[in-house]
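Chemist: Dropping the structure in here first, questions after.
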Amino acid sequence: MLVRLLYASRAREPLSADVLDAILETSLANNPRHGVTGVLCHSNSIFLQALEGSREAVSRLYLNIGQDARHHDVVLLHYEEIAERAFSGWSMGRVNAGKINAATLLKYSAQGELDPYRMPGAASLALLQELIAGASIVGRSHERGRG
């Protein structure tokens, strides 16, 4: 059974490029082995992440994130059983919300900024899906030649 989970969290420390690269590298190393795909969107000190995979793998990963010292205020935004993945091409894609067109963010949030704590879970998912469709995702996928 496949599931999709969206969560938000805040970084305990400022998000340096090194910290973001370390998070992405860990995801790229571990996710394929566990059948997990997804995307990480970040802005200032906020993370919005979608994870897809088996219920066991996604649940275990979400619990690990909740215990990760780099995160706090971890909040579950959306959880559902799915028939197919929306982020199947990505071991972990990455989006810097600071580089997203303000009109795209305004479409899903009251202030035109990434604040998943004040957005419905469905809006957060729709934003991530639009970013995939608009090729705003960067990083490496688990498929050769992509990303």
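The values are calculated or read from the model by the stated rules, or taken from the named source; none is laboratory data. These numbers come from a predicted model, not from an experiment. Counting neighbours? That spans all protein chains shown, and the Cβs are built from the backbone with ideal geometry, glycine included. For accessibility, only protein heavy atoms count, side chains too; no ligands or nucleic acids. Shrake-Rupley method; radii C 1.70, N 1.55, O 1.52, S 1.80 Å.
Chemist: For the stretch 86-109, check the following and say yes or no: at least one residue is under 13 Å from L128 (Cα atoms) and among the basic types (K, R).
Modeler: There is at least one residue in the stretch 86-109 that is under 13 Å from L128 (Cα atoms) and among the basic types (K, R).
Chemist: Does any residue in the stretch 13-35 that is closer than 18 Å to L51 by Cα come within less than 9 Å, Cβ to Cβ, of a residue that is part of a helix (DSSP H, G or I) and open to solvent by less than 30 Å² (accessible area, probe 1.4 Å) six or more places away or on a different chain, and which pairs are these?
Modeler: N31/A57; H34/A57; H34/V58; G35/A57
Chemist: Let me ask something additional. Of all the residues that make up the stretch 74-110, how many are in a strand (DSSP E or B), basic (K, R) and open to solvent by 70 Å² or more (accessible area, probe 1.4 Å)?
Modeler: Keep residues of the stretch 74-110 that are in a strand (DSSP E or B), which gives 74-82, 93-96.
From what's left, basic (K, R): 94.
Next, only the ones that are open to solvent by 70 Å² or more (accessible area, probe 1.4 Å) stay: none.
The number of residues fulfilling the criteria is 0.
Chemist: Applying the selection to the stretch 1-30, what residues are open to solvent by 10 Å² or more (accessible area, probe 1.4 Å) and closer than 24 Å to E81 by Cβ?
Modeler: M1, L2, R4, S27, N30, listed by residue number.
Chemist: Output the residues belonging to the stretch 1-53 that are at pLDDT 90 or above and among the hydroxyl-bearing types (S, T, Y).
Modeler: Matches in the stretch 1-53: Y7, S9, T37.
Chemist: May I pose another question? On the given criteria, is V74 under 11 Å from L5 (Cβ atoms) and among the β-branched types (V, I, T)? Break it down stepwise before answering.
Modeler: Values: under 11 Å from L5 (Cβ atoms): no; among the β-branched types (V, I, T): yes.
No, not satisfied.
Chemist: Taking the stretch 46-91 only, how many residues are within 13 Å of S27 (Cβ to Cβ), among the aliphatic types (A, V, I, L, M) and over 14 Å from the mean Cα position of the chain (by Cα)?
Modeler: Number satisfying all stated conditions: 1.
Chemist: So, one more: Could you list all residues from the stretch 54-91 that are small (G, A, S), modelled with pLDDT of 95 or more and within 16 Å of L125 (Cα to Cα)? Break it down stepwise before answering.
Modeler: The initial filter retains those residues of the stretch 54-91 that are small (G, A, S), namely 54, 57, 59, 66, 69, 83, 86, 88-89, 91.
Next cut, modelled with pLDDT of 95 or more only: 54, 57, 59, 83.
Of everything in the stretch 54-91, just one residue is small (G, A, S), modelled with pLDDT of 95 or more and within 16 Å of L125 (Cα to Cα), namely A83.
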